[in-house]
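Just below is one structure, and these are the notes that go with it.
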Amino acid sequence: MFKKLKEAFRQFANSITSLFREEKQTERTEEVQGEGKTATTVTVQQAVPAAPQLQQDISISARIEEKREEKPHLLQRIAQRVSEAIAYTKLSEDKVEKLCEGLFTQLVECDVAVEVSEQIVEVVRNKLLSLKIPRFGADKDKLVKNAIKEALLEVIKDVPDVDFMELTSKLVEERSPVVVLFLGPNGYGKTTTIAKIGYLLKNSGYSVVFAAADTFRAGAIEQLEEHGRRLGIKVIKQRYGADPAAVVLDAISHAESKGIDFVLVDTAGRMHTDVNLMDELRKIYRVAEPDLSVFVADALLGNEALEVAKTYSKYVNIDGLIVTKVDAYPKGGSILTFLVVLRKPIFFLGTGQNYEDLIPFKKEWFVNQILE
Ligand SMILES: Nc1nc2c(ncn2[C@@H]2O[C@H](COP(=O)(O)OP(=O)(O)OP(=O)(O)O)[C@@H](O)[C@H]2O)c(=O)[nH]1
Ligand SMILES: [Mg+2]
């Protein structure tokens, strides 16, 4: 997973680590010693009175004393800086800048949106420039990777990590059924994802029904029924062309009468530009009053999926995302883009076509994966 994105960060981290190794200890030491020499000379000149015979005044000799006393402090400071320079390495700005330019290009190539790449590179650059690495005995590679990790986590720090199973188990304690609506354009993976979530909830001991609210696409109802048959989950349906909102209401009243915990609603795929279908989605949302609405994002579509999600959220509330087809998506970058731009939690990643192919998403896990 995320092979290309991992490679981009691996190359960058390696180059930064090499920079740290290349930094010459002697260069830094000489530089600081040079500064120290100048500072000492200035102080001594100031301390020597210009016309000694006129300076019987006790306050002047006191000032001279003071200056004398400053010398050891100054020498201490110089000594400290020299030993710091010997002990630690810092990176020069222009070299880091060059490497950051390379990282930016690679991120954009991995589908990270331009403004997001800029933001990431900015934070990474600042973190690296403030990084002091011990010259001796430190695991430079690890320290560099940690700095990059901190930078990435900082960029996505406002996005909450939400454990879907924890959230839904809390919701189901408060009310039942819990209604979860799945949204997204054609082919993004809504129906497959609903089946995966149904499988997961059933395995956790909950009862589930599917609402076949895609009454539009030929074969959509049968596709959901086939999953229902395999998973032992009932599908509430009407005929093709029926009002999807009515199907949802049917499914909710069925669940209420049978004491079923979850209603998972499959909706028809629709392009965000189709105003009539988007209005219809708004109606389904209003009628269903879902406890959770999940935008299913196809990772392969990268920034296109981002634009779609932005428009969707003008029509209905989106509580979180499930990003599908990550198994076939070595670039990995759209995940960063979704997080940074939408600021919504990603509940899961879809990683294949089997029911088990769903990974709970956590920001730190993701960042660790790409910096592995
Ligand atoms: N490799 C891979 N394929 C997936 C994943 N999720 C879904 N798919 C495949 O994507 C295709 C479309 O999935 P569907 O679940 O039918 O998509 P949909 O959003 O319901 O599509 P519509 O009903 O047409 O709107 C199918 O071939 C799925 O098997 C995933 O995580 N990985
Ligand atoms: Mg579908």
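The values are calculated or read from the model by the stated rules, or taken from the named source; none is laboratory data. Worth saying up front: this structure is predicted, and the values here are computed from it rather than measured. For neighbour counting, all protein chains shown are included, and Cβ atoms are generated from backbone atoms with ideal geometry for every residue, glycine included.
A few remarks follow.
- Extreme residue, nearest to ligand 1 (Cβ to nearest atom), among residues of region 323-365 that are outside any helix (DSSP H, G or I) and closer than 17 Å to Lys310 by Cβ: Val323
Residue-wise test of (1) in a helix (DSSP H, G or I); (2) surrounded by 22 or more Cβ atoms within 10 Å (Cβ to Cβ).
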{"site": "Val209", "(1), (2)": "no, yes"}
{"site": "Thr215", "(1), (2)": "no, no"}
{"site": "Leu249", "(1), (2)": "yes, no"}
{"site": "Leu264", "(1), (2)": "no, yes"}
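- The single condition among (1) charged (D, E, K, R); (2) part of a helix (DSSP H, G or I); (3) loosely packed, with under 15 Cβ neighbours inside 10 Å that Lys202 does not meet is (3).
- Residue check for Ala297: surrounded by 20 or more Cβ atoms within 10 Å (Cβ to Cβ), within 14 Å of ligand 1 (Cβ to nearest atom) and small (Gly, Ala, Ser): yes
- In region 175-191, of all residues being buried (at least 22 other Cβ atoms within 10 Å of the Cβ) and hydroxyl-bearing (Ser, Thr, Tyr), the one that is farthest from ligand 2 (Cβ to nearest atom) corresponds to Tyr188.
- Of the residues making up region 266-288, those that are outside any helix (DSSP H, G or I) and either among the hydroxyl-bearing types (Ser, Thr, Tyr) or touching a Leu at 6+ places or on another chain (Cβ under 8 Å) (or both) are Asp266, Thr267, Ala268, Arg270, Met271, Thr273.
- Among the residues of region 208-234, those that are under 22 Å from Leu171 (Cα atoms) and aliphatic (A, V, I, L, M) comprise Val208, Val209, Ala211, Ile233.
- Single residue of region 103-134 satisfying the filter (buried (at least 17 other Cβ atoms within 10 Å of the Cβ) and part of a loop (DSSP other than H, G, I, E, B)) that is modelled with the lowest pLDDT: Leu131
- Members of region 297-329 found to be over 11 Å from Thr351 (Cβ atoms), among the aromatic types (Phe, Trp, Tyr) and more than 16 Å from ligand 2 (Cβ to nearest atom), listed by number: Tyr315
- Some residue of region 297-314 being outside any helix (DSSP H, G or I) and either free of Cβ contacts under 8 Å to residues at least 40 places away in the same chain or within 30 Å of Met1 (Cβ to Cβ) (or both): yes
- Hey, Leu152 among the aliphatic types (A, V, I, L, M), within 16 Å of ligand 1 (Cβ to nearest atom) and either on the phi > 0 side of the Ramachandran plot or at pLDDT 95 or above (or both) or not: no
- Count of residues meeting criterion [away from ligand 2 (no atom under 16 Å from the Cβ) and at negative phi] in region 252-273: 13
- Of the set (1) within 31 Å of the chain's Cα centre (by Cα); (2) within 13 Å of Val179 (Cα to Cα), all apply to Asp274 but (2).
- Qualifying residue in region 156-164 (condition: among the aliphatic types (A, V, I, L, M), within 15 Å of ligand 1 (Cβ to nearest atom) and either touching a helix residue (DSSP H, G or I) at 6+ places or on another chain (Cβ under 7 Å) or without any contact (Cβ under 8 Å) to a residue 40 or more places away in the chain (or both)): no
- Screening Glu173, Glu226 for residues that are within 12 Å of ligand 1 (Cβ to nearest atom) and without any contact (Cβ under 8 Å) to a residue 12 or more places away in the chain leaves exactly one candidate, Glu226.
- Among the residues of region 176-195, those that are near ligand 1 (Cβ under 9 Å from one of its atoms), outside any loop (DSSP other than H, G, I, E, B) and either of a type in the set (S, T, N, Q) or in contact with a strand residue (DSSP E or B) (Cβ under 6 Å, 6 or more places away or on another chain) (or both) comprise Phe182, Lys190, Thr191, Thr192, Thr193, Ile194.
- Residues of region 196-223 satisfying the condition of being more than 9 Å from ligand 1 (Cβ to nearest atom) and without any contact (Cβ under 8 Å) to a residue 40 or more places away in the chain: Lys202, Asn203, Ser204, Gly205, Ala218, Ile221, Glu222
- Filter result (assigned to a loop (DSSP other than H, G, I, E, B) and either touching a helix residue (DSSP H, G or I) at 6+ places or on another chain (Cβ under 9 Å) or closer than 17 Å to Thr193 by Cβ (or both)) within region 231-247: Gly232, Ile233, Lys237, Gln238, Arg239, Tyr240, Asp243
- Scanning region 201-215 for residues that are within 19 Å of Asn186 (Cβ to Cβ) and of a type in the set (A, V, I, L, M, F, W, C) yields Phe210, Ala211, Ala212, Ala213.
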